[in-house]
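**Student:** Dropping a structure here in C-alpha cells format, bear with me for questions.
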Amino acid sequence: FGSSHPASNRRLPLPEVGRRRSGLSAASPPAEPSQWMSRSMEPYRGLSAAERGDFTQPLSQSRGGGSSSRGRTTSGSSSGGGGRLDWVPAAAVNCGVRCSSILGVLLIVYGMILLLRAGTGGLHQDHGSGGGGTGGGAVSGGGGGVRPGGGGGIMPRPNVPKGTTLMTITNNEWSDGVVFCRGPVEDSLRKVFLDEAMTQSVIHSDKDCSVPGSPIAKEFGAGVPGGTTVALGLKRGESATLYIAADGGWPSGACWFQDEASNAIVSMAKGPQFMSEVEFTIEASGTGAVWYDMSSVEGVSGGITMNYTDDHGATQTDVAVPGRFHGTALKVVPAPGIGFPTVLSDKNTLGACMCNVWDVDSKDCNSDACYAGCPGSLVDNPCGQHRCRTFYAKKYEDRTSYCGWLYAEKAQTYCWAMDEWVCTDATCGYGGPDQPKEDCSSELPDGAAANTYSCGHGTNLPKGNSSGFFWSEGPGCEDKMVKGVPTNPAPKRFGGRISISFESLPWLHEA
C-alpha cells in the first residue's frame, strides 16, 4: 500500500480476489410446537387445548387473519433461531378488543423506540458485544452483522445510502484500551463518518487525535499531523462503527490496538511499534476493491480478525490468532520502552541495518539485520530484495523461527515486509540454468521491477542483454496462501460491512 507506517516498504499487491464464503441464512422453523416450546411453557404440558389456551393454533387460523398463508413476524431479537413468531395462543387471539388495544399500544411504543434509535447521532458504540472470542471476527454493534457469541441473531442494517460500507471495530483484547486508525493522506477521509446520518466526518472530529492540543490527543496521545488518526477508546467487549460513503474510500489505512496501561506510558498514536496491526486500502463502492492484510512485521502483541461481507452476501474472512510458539528461539517480552507483552519479529531482534544505498559487495548491506528488516535500500533493488527472500526462505523451513511459527499456526498475516510471495525453494529463483546468477552479476532489463525480478514471480521474463528469457522453466516464487486465502485479499467493494476484531491471546499474558 506504499507505506502504512514509516517502517513499511510494502507495495500495492496485485489485484487478486480471495475466496469468498456465503453469508448466514436463517434456519427453517421446526414443524412441531414441541420442538420450540420454551421452558416458560412447561406448566402447560399435558393440559387440554382448552385448558392451555391452545398454544398450537397457527397464526393463519386466528380471527381476522385474512390470509390463506401461514403468517410470519420477525421479532428483531438478536437471540438464536432467527426471531420468528409462527404460533400464538388461541386465548391471546380470541381475547378481543382489549388485547388488540394493548397490542396496538405496545407496537406504538416499539415504533417510537426504533425511531429514537435511528435518530441517535454520533459514533455508535456497542457496550454489550464482549465475550465473542474470535468468532470469525463477526460484526457487532451498529454494523448490522452477527454479534460475537450472540447466538446467531442478525442485527438490522442501518438506514444508510446504497453502497455505504460500515466498518465495525471491536476490542476483544485482554484489557481496556484504544484503537488507533490512521489515514496518512491529508483530507483522504473526508467521506468517512462517525454517525449513521453521515454528517460528522472523522476529519477534525472529537475522535481525531492528529489535531494538536485537542481533548482526544491529550487523552490518548497526538497522531501524525497532516493526516487523520481516529482514536477509539474501547473497553473490553466494546465496539465502534464508522461509515464509509459509497464514493468515499480510505487509502493506505491501518488500525492497531494499545492497552490503556502502556498507552499511559508511551502513546502509539503516531504509529505501531512492536505490535500487530491491520492494513487496508478501501476504494469506491461498485468500481473498486477492499484491499487488506494483517501484519505481524513488527511483532505479535495479540490476535486480529478482519472480515468483509458485501451487499450480495459474499464474505471474505482472514484470521491471525496464533497459538503459542515452540522451542526456545522465540520469547514473550515487554515491548521495549512501552511495556505490553509481545513476541518480537526478526526485524526487531537482529539489530539495525546500516545500509543506506544498496551495494552487492558491501558488508553493511549484506547482514542478517538488513535481510530481516529489508529496508528501502534493499527492497528497491532486485538483488537486495532477493537476498531478503532467501534469508526468509530458510526461516520458513524452521517451525521454531518467527515466520515458521506463524505459518505453521496458519495465521493469515505478514511476518516480514514483502511476505505476499514465498520462495519455491531455498534458492528463490536464482542460480539455475534459466535464472539470474546467484552473485547477481546477470544483466537485467532497464527498469526491471524489483519485486518480480527478485525471485521470478512469473515465467519467461525478459533478460537484459539478449532476446532470451529468465524463468522459462518455472517461477522461483509464488503467491503465499494460507488456508486457500492470499496474504493480501482484495474482494470487490459493494457496500456491505467490514469487521475488525482485536483478539486476546491468553498464552501471551501467562506469568
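The values are calculated or read from the model by the stated rules, or taken from the named source; none is laboratory data. In this text the structure is predicted, and so the values were computed from the model without any measurement. We place every Cβ from the backbone using ideal geometry, glycine too, and count neighbours over all the protein chains shown. Note: areas computed on protein heavy atoms with side chains; ligands, DNA, RNA excluded. Shrake-Rupley method; radii C 1.70, N 1.55, O 1.52, S 1.80 Å.
**Student:** For a quick protection proxy, order the peptides 440-447, 179-186 by their average other-Cβ count within 10 Å, most packed first. Walk me through the intermediate numbers first.
**Tutor:** Details: 440-447: 12.1, 179-186: 22.9.
So the peptides 440-447, 179-186, ranked by packing, come out 179-186, 440-447.
**Student:** Fully extended, how many nm does the chain gain between residue 424 and residue 324 (0.36 nm per residue separation, minus their Cα-Cα distance)?
**Tutor:** So the extension gain works out to 33.3 nm.
**Student:** Stretch residue 466-residue 398 to full length: gain in nm at 0.36 nm per residue minus the Cα-Cα span? Mind dumping the intermediate values first?
**Tutor:** Working: separation 68, 0.36 × 68 = 24.48 nm, distance 3.89 nm.
Net length gain for the segment: 20.6 nm.
**Student:** Leaving ligands, DNA and RNA out of it, rank 287, 452 by accessible area with a 1.4 Å probe, largest first. Walk me through the numbers before you get to the answer.
**Tutor:** Numbers: 287 120, 452 35 Å².
Listed by decreasing accessible area, they come as 287, 452.
**Student:** Please sort by residue number the GluC sites (Glu not before Pro) in the range 465-508 whose DSSP state is loop and whose Cβ has at most 13 other Cβ atoms within 10 Å.
**Tutor:** Passing sites in the range 465-508 are 473.
**Student:** Determine the share of the range 215-339's accessible area contributed by carbon and sulfur atoms, expressed in whole percent, with a 1.4 angstrom probe. Please report the intermediate quantities before stating the final value.
**Tutor:** Values: 2300 of 4000 Å².
Summing carbon and sulfur atoms, their accessible area is 57 percent of the total for the range 215-339.
**Student:** Taking 0.36 nm per residue of separation and subtracting the Cα-Cα distance, what length does fully extending residue 159 through residue 247 add?
**Tutor:** On the way: separation 88, 0.36 × 88 = 31.68 nm, distance 1.70 nm.
Between residue 159 and residue 247, full extension yields 30.0 nm more.
**Student:** Per residue, how large is the accessible surface of the range 348-506? Use a 1.4 angstrom probe and give square angstrom. Before the final figure, lay out the partial values.
**Tutor:** On the way: 6540 Å² over 159 residues.
For the range 348-506, the per-residue accessible area is 41 Å².
**Student:** Can you put 321, 297, 357 in order of accessible area, largest first, using a 1.4 Å probe? Could the numbers behind the result be given before it?
**Tutor:** On the way: 321 45, 297 10, 357 115 Å².
Output order, biggest surface exposure first: 357, 321, 297.
**Student:** If I take every Cα pair under 8 Å that is 6 or more residues apart in the range 268-332, average their sequence separation and divide by the length, what percent do I get for the relative contact order?
**Tutor:** 26 percent.
**Student:** Could you pull out which residues in the range 239-256 have an amide N less than 15 Å from a spot 7 Å beyond the Cα of residue 224, following the Cα-Cβ vector?
**Tutor:** Backbone N within reach: 251-256.
**Student:** Could you let me know the centre-to-centre spacing of the range 278-348 and the range 361-415, using Cα atoms, in angstrom?
**Tutor:** Here the two parts' Cα centres lie 18 Å apart.
**Student:** In Å², what does the accessible area per residue of the range 301-347 work out to with a 1.4 Å probe? Working shown, then result.
**Tutor:** Values: 1680 Å² over 47 residues.
I get 36 Å² per residue for this part.
**Student:** Where does each of 259-270, 457-468, 236-247, 366-377 land if you order them by average Cβ count within 10 Å, highest first?
**Tutor:** Going by the mean number of other Cβ atoms within 10 Å, highest first, we get 236-247, 366-377, 259-270, 457-468.
**Student:** What trypsin sites (Lys or Arg not before Pro) does the range 316-361 have in DSSP loop regions with at most 13 other beta carbons within 10 Å? Don't skip to the end; give the middle numbers.
**Tutor:** Working: sites: 324, 331, 347; in loops: 324, 331.
The qualifying sites are 331.
**Student:** Here's a follow-up. Ignoring ligands, DNA and RNA, how do 493, 387, 399 rank by accessible area with a 1.4 Å probe, largest first?
**Tutor:** Numbers: 493 0, 387 40, 399 170 Å².
Of 493, 387, 399, the descending order of accessible area is 399, 387, 493.
**Student:** Here's a follow-up. Once neighbouring chains are kept in place and the probe is 1.4 Å, which whole percent of the accessible area of the range 389-477 is contributed by carbon and sulfur?
**Tutor:** Details: 1790 of 3870 Å².
On the range 389-477, the fraction of accessible area on carbon and sulfur atoms equals 46 percent.
**Student:** Starting from the 7 Å offset along Cα-to-Cβ, what nm value, one decimal, do you get for the label separation of residue 186 and residue 410?
**Tutor:** 4.7 nm
**Student:** If you don't mind, another one. How far is it, in nm, from the label point at residue 364 to the one at residue 440 when both lie 7 Å from their Cα along the line to the Cβ?
**Tutor:** Between residue 364 and residue 440, the simple spin-label model gives 1.5 nm.
**Student:** Here's something else I'd like to know. What nm value, rounded to one decimal, do you get for the distance between residue 108 and residue 236 when each label is placed 7 Å out toward the C-beta?
**Tutor:** For the pair residue 108/residue 236, the computed spacing is 4.5 nm.
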